[in-house]
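Participant: Okay, handing you the structure first.
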Amino acid sequence: MAKNYSLLLLSCTILVFNSCNGIQHQGPIAARVGDAVLTEATLETWLTDELDPELAETERERFTENWVREELLYQEALARQLDQKAHLRQLLEEARRSLLVSDLLDGEFSGREIQISEDAIQTYYRQHQDEFLLLQAQIHARHILLATLRDANAKLQELQRGASFEELARNHSLDQDTKFSGGDLGYFSAADDPALWESCRKLQRHSLSKPIRTEYGYHIIQVLDRQEAGNPRGLEQVKPQIIETLVHQQHQQRLEEFIARLKASKEWAIHNREPEELP
């Protein structure tokens, strides 16, 4: 659903939008509370097009009921003149400012997708390796989970004859969480999974284990990599973290450039108080 949820800073934003007295509405009405209405058009706007058709009606009913409940509460709050309280008026004004600024920035930066190059990722990784040091040793492994020892031995023989580990995992592993990624378990430490760590601890890199029995069935495990404590994690492990950091930096840089342009086009000043003289 391609909706801009950065604007939803208040749970009642949609209520405020639909509940203002005097606003002319068009089209069929889905719900009404006093003079406030929820139109079918607005309801369709807020419901995702990706909903399963069997769930769409349930979601529609849930949304409409929630709108009625919150509108009743909202109108009761207005009837009691709670919006006239000083601290609430301040909060409402702050929320209004936040919504407007958020919409301004969304409009200013929309359509300007940030691209992070591989060179930038690798440069950041080289310059910040001290941020990625391992506190505990880690193992990267993959596995195929099978129901019986007979099945496990058969698949082990296929692997030893050169069959693809990834293909066998996708076609035969019972582990639904890893089978579609070729049985990849990712990196883990002894603290993450003591039993799995113990099963992998003595395996040589890229060697295949004999079938290992657990409560889930029989596992064939292959260790892909080992990393010792004190060494930096591999680039592929930390790439998502690096990309997130670089994207944030780019956003911040664009924001600072935008504010600099606004400063150059408007009159503004910061008035510093003079320190009070001592008696």
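Participant: Averaged over all directions, how much area does the convex hull of the C-alpha atoms of the stretch 161-279 cover when projected, in nm²?
Facilitator: 17.0 nm²
Participant: Taking the Cα centre of the chain as origin, work out the dipole magnitude from +1 charges on Lys and Arg Cβ and -1 charges on Asp and Glu Cβ, in debye rounded to 20.
Facilitator: 920 debye
Participant: Here's something else I'd like to know. Taking just the C-alpha trace of the chain, give me its Rg and Dmax in Å.
Facilitator: Cα only, the chain: 29.3, 94 Å (Rg, Dmax).
Participant: Please compute the per residue accessible area over the stretch 88-243 with all protein chains in place, 1.4 Å probe, rounded to a whole number of Å².
Facilitator: 63 Å²
Participant: Which one of Ser117, Ala141, Gln157 is farthest out on the positive end of the charge dipole of the stretch 114-173, using unit charges on Cβ (Lys, Arg +1; Asp, Glu -1) and the Cα centre as origin?
Facilitator: Gln157
Participant: Can you tell me the dipole magnitude for the stretch 94-171 around its Cα centre, using point charges on the Cβ only (Lys, Arg +1; Asp, Glu -1), in Debye to the nearest 20?
Facilitator: Roughly 500 debye for the stretch 94-171.
Participant: State whether the stretch 44-119 is rounded, prolate or oblate according to the following rule on the C-alpha gyration tensor (a ≥ b ≥ c being the square roots of its eigenvalues): a/c under 1.5 gives rounded; otherwise a/b larger than b/c gives prolate, and the remaining case gives oblate. Show your work: numbers first, answer last.
Facilitator: Values: a/c = 4.04, a/b = 1.19, b/c = 3.39.
Note, shape of the stretch 44-119 comes out oblate.
Participant: I would also like to ask the following. Which whole-number percent is the relative contact order of the chain (Cα, under 8 Å, 6+ apart)?
Facilitator: That works out to 17 percent.
Participant: So, one more: With a 1.4 Å probe and every protein chain left in place, tell me how much accessible area Ser199 has, in Å² to the nearest 10.
Facilitator: Counting only protein heavy atoms, Ser199 exposes about 40 Å² to solvent.
Participant: Pick out, in residue order, every one of the trypsin sites (Lys or Arg not before Pro) in the stretch 192-279 that is DSSP loop and has at most 12 other C-beta atoms within 10 Å; say none if there are none.
Facilitator: Here the sparse-neighbourhood loop sites are Arg201, Lys202, Arg205, Lys266, Arg273.
Participant: Give the carbon-plus-sulfur fraction of the accessible surface of the chain in %, rounded to a whole number; probe 1.4 Å, heavy atoms of protein chains only.
Facilitator: Ligands and nucleic acids excluded, carbon and sulfur give 50 percent.
Participant: Quick one: helix 86-109 against the long Cα principal axis of the chain, what's the angle to the nearest 10°, folded into 0 to 90?
Facilitator: Its long axis makes an angle of about 60 degrees.
The values are calculated or read from the model by the stated rules, or taken from the named source; none is laboratory data. Being a predicted model, the structure only gives us computed values, none of them experimental. Because the Cβ atoms are built from the backbone with ideal geometry, glycine has one as well, and the counts that use them run over all protein chains shown. Areas reflect the complete protein model, heavy atoms only, side chains present, ligands, DNA and RNA absent. Shrake-Rupley method; radii C 1.70, N 1.55, O 1.52, S 1.80 Å.
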